[in-house]
Amino acid sequence: MAPEIDLPGPMSLIDNTKGQLVVNPEALKILSAITQPVVVVAIVGLYRTGKSYLMNKLAGKKNGFSLGSTVKSHTKGIWMWCVPHPKKPEHTLVLLDTEGLEDIEKGDNENDSWIFALAVLLSSTFVYNSMGTINQQAMDQLHYVTELTDRIKANSSPGNDSVEDSADFVSFFPAFVWTVRDFTLELEVDGEPITADDYLELSLKLRKGTDKKSKSFNDPRLCIRKFFPNRKCFIFDWPAQKKYLARLEQLKEEELNPDFIEQVAEFCSYILSHSNVKTLSGLESLVLTYVNAISSGDLPCMENAVLALAQIENSAAVEKAVAHYEQQMGQKVQLPTENLQELLDLHRDSEREAIEVFMKNSFKDVDQTFQRKLGAQLEARRNDFCKQNSKASSDCCMALLQDIFGPLEEDVKQGTFSKPGGYRLFIQKQQELKNKYYQVPRKGIQAEEVLKKYLESKEDVADALLQTDQSLSEKEKAIEVERIKAESAEAAKKMLEEIQKKNEKMMEQKDKSYQEHVKQLTEKMERDRAQLMAEQEKTLALKLQEQERLLKEGFKNESQILQKEIRDIQMRSTSRELMCHIL
């Protein structure tokens, strides 16, 4: 939002010093600081007709422009008052109060004509203030209108200053409002009521005839009709009793004529609602251009003013557009971009918006001169962003490479790869880190180039590792052979020890199995012996029984034979026991 300009009170814009119009530089500073659209309302009229009172009301203040209380004119030159527009947000209302026309102290109307012309040229709404009624006297007092074509040039070409060529003027001229103060007539025609606007148009009606008197009558009316096609009229009753008029600004509301209060309110409402923005912005430039032309004895040329203003306005429009472009790029671009196309797409969007800003603020850019200047500046900004993008990418990639490859460089310094096979291990590790580097996003357009240069800078390191690897190969191969032999001998020794341990374990297992077998055999023989003994005892018992029987029967010889058999059995039994003992 553009800042508001709110002056605490009016200040001189153009001083009238001894018939010379001089611009107040402080006022120009105020005008140059206005960035909002400007609505300019200027008022002219005879001195002591209450112009300042109406301007104070438009400013929404009771005091401000000096009203004066005597026949002496208070306002000299042109005074301005810049206030926030009460009905148009983000607009500035500039009120211009002019010194009274036909002041008897001046004695020269030359200055009045220039004041009138400047009020017309600078305003977007021009208020002409008169007293009484719109009659021939009022029209005669408005002779300054007929002098406009003598005071102002529409363009620098000769032969275009007649009333008939007024179309050139109209496009630059303001809306026209005639205020009639202390009006005493009834607004009616032939007994029918009419409006103030009807009253004005009737007053501007032309008289038929070509004689000098008719021409004198028609000239001011013809000028007003042609120069100001947009016209409005307001009438005002007496504001208060005559004895109070000298201190009008001190009067309370209840001391004023109610009809006058209502009429002033209607006037202010219309002016604030219908006054357009000044077509030619850059008010300070217009003031300076026109006053300088008058001071140099030349006629204010609207075409030259337009061209000068176009130079200023279009230069400012280019600056605004470039500033908008840089703001948008600053917000949207995150350097480095992933690729160049991303940056160019953002540039194209911001460039389009910048051109829109320029078109909105430019004024009569003939042959697109300033638009081409804008294009050149935007192209330069684009190239600058490309350079920034490239540098940001390089810086980002260098930092990333240092972070990723830093540990590898430290390993090289520590001699980690100074061994047979170290070169291959180094290359393998380097490739792994390259893959890691590729996986990191948003490295920008210099990613490949920076990596390539980095790897090229490390080629000497790789070559040195390769040479070291080759010089160590033969020696290390011999050492490797001896190592392998030693390892083989050690492995054979360990294998023999393992076999021996296995054999011992097998012998132990075999001996254990043999002892178990002997134990089982002994137990079996004991069982067999016990069984045999049992059988022998049983047989012996049977034999004894038989012997007893034979003895009883008297077979002595049989008994002897039996005894012999018994001895034989006993001998065999003893032999078995001896054999078992030996086993």
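The values are calculated or read from the model by the stated rules, or taken from the named source; none is laboratory data. Owing to the predicted nature of the structure, the values given are computational and were not obtained by experimental measurement. All Cβ positions, even for glycine, are placed from backbone atoms using ideal geometry, and neighbour counts span all protein chains on display. These accessible areas exclude ligands, DNA and RNA; they are computed on the full protein's heavy atoms, side chains included. Shrake-Rupley method; radii C 1.70, N 1.55, O 1.52, S 1.80 Å.
Would you check if L425 is part of a helix (DSSP H, G or I), surrounded by 12 or more Cβ atoms within 10 Å (Cβ to Cβ), in contact (Cβ under 8 Å) with a residue 40 or more places away in the chain and not hydroxyl-bearing (S, T, Y)? Full working, then the answer.
Values: part of a helix (DSSP H, G or I): yes; surrounded by 12 or more Cβ atoms within 10 Å (Cβ to Cβ): yes; in contact (Cβ under 8 Å) with a residue 40 or more places away in the chain: no; not hydroxyl-bearing (S, T, Y): yes.
Judged against the criteria, L425 is not a match.
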Quiz item: Looking at the stretch 53-64, which of the residues that are within 24 Å of A175 (Cβ to Cβ) and open to solvent by 10 Å² or more (accessible area, probe 1.4 Å) is modelled with the lowest pLDDT?
Solution: G64
Quiz prompt | From the options R221, R231, residue that is modelled with pLDDT of 85 or more, closer than 26 Å to V277 by Cα and surrounded by 15 or more Cβ atoms within 10 Å (Cβ to Cβ) | solution = R231
Quiz item: Looking at Q402, is it in a helix (DSSP H, G or I), surrounded by fewer than 19 Cβ atoms within 10 Å (Cβ to Cβ) and free of Cβ contacts under 8 Å to residues at least 12 places away in the same chain?
Solution: yes
Quiz item: Out of all the residues in the stretch 20-43, which are more than 15 Å from V291 (Cβ to Cβ), modelled with pLDDT of 90 or more and open to solvent by less than 30 Å² (accessible area, probe 1.4 Å)?
Solution: V38, V39, V40, V41, I43
Quiz item: Within the set of pairs 6+ apart or on separate chains, which have a first residue in the stretch 198-211 that is without any contact (Cβ under 8 Å) to a residue 40 or more places away in the chain, a second that is charged (D, E, K, R) and open to solvent by less than 90 Å² (accessible area, probe 1.4 Å), and C-beta atoms under 6 Å apart?
Solution: L204/R221; L206/R221
Exercise. Check whether at least one residue in the stretch 339-362 is closer than 30 Å to K434 by Cβ and not in a helix (DSSP H, G or I), and report yes or no.
Key: yes
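Can you tell me which residues in the stretch 1-18 are in a loop (DSSP other than H, G, I, E, B) and open to solvent by 50 Å² or more (accessible area, probe 1.4 Å)?
Selection gives M1, P3, E4, D6, P8, K18.
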Quiz prompt | Unmet requirement for A305, which otherwise passes all of (1) at pLDDT 75 or above; (2) surrounded by 17 or more Cβ atoms within 10 Å (Cβ to Cβ) | solution = (1)
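Could you list all residues from the stretch 523-548 that are of a type in the set (K, R) and within 15 Å of Q563 (Cβ to Cβ)? Let's see the steps before the verdict.
Applying the first criterion (of a type in the set (K, R)) to the stretch 523-548 yields 524, 527, 529, 538, 543.
Selection gives K543 alone.
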Exercise. Keeping to the stretch 266-302, report how many residues are open to solvent by 50 Å² or more (accessible area, probe 1.4 Å), part of a loop (DSSP other than H, G, I, E, B) and modelled with pLDDT under 85.
Key: 6
Self-check item: One residue from E459, E553 being open to solvent by 80 Å² or more (accessible area, probe 1.4 Å) and modelled with pLDDT of 75 or more
Solution: E459
Quiz item: Do the conditions hold for Q328, that is, is it open to solvent by 60 Å² or more (accessible area, probe 1.4 Å) and in a helix (DSSP H, G or I)?
Solution: no
Quiz item: Is there any pair with a first residue in the stretch 315-330 that is β-branched (V, I, T) and a second that is buried (at least 19 other Cβ atoms within 10 Å of the Cβ) whose Cβ atoms are under 6 Å apart and which are 6 or more apart or on different chains, and what are they?
Solution: V318/F370; V318/L374
Quiz item: Counting just the residues of the stretch 169-204 that are among the charged types (D, E, K, R) and part of a loop (DSSP other than H, G, I, E, B), which one comes out farthest from N276 (Cα to Cα)?
Solution: D190
Quiz prompt | Residue in the stretch 365-380 that is nearest to E338 (Cα to Cα), counting only those that are charged (D, E, K, R) and open to solvent by 70 Å² or more (accessible area, probe 1.4 Å) | solution = E379
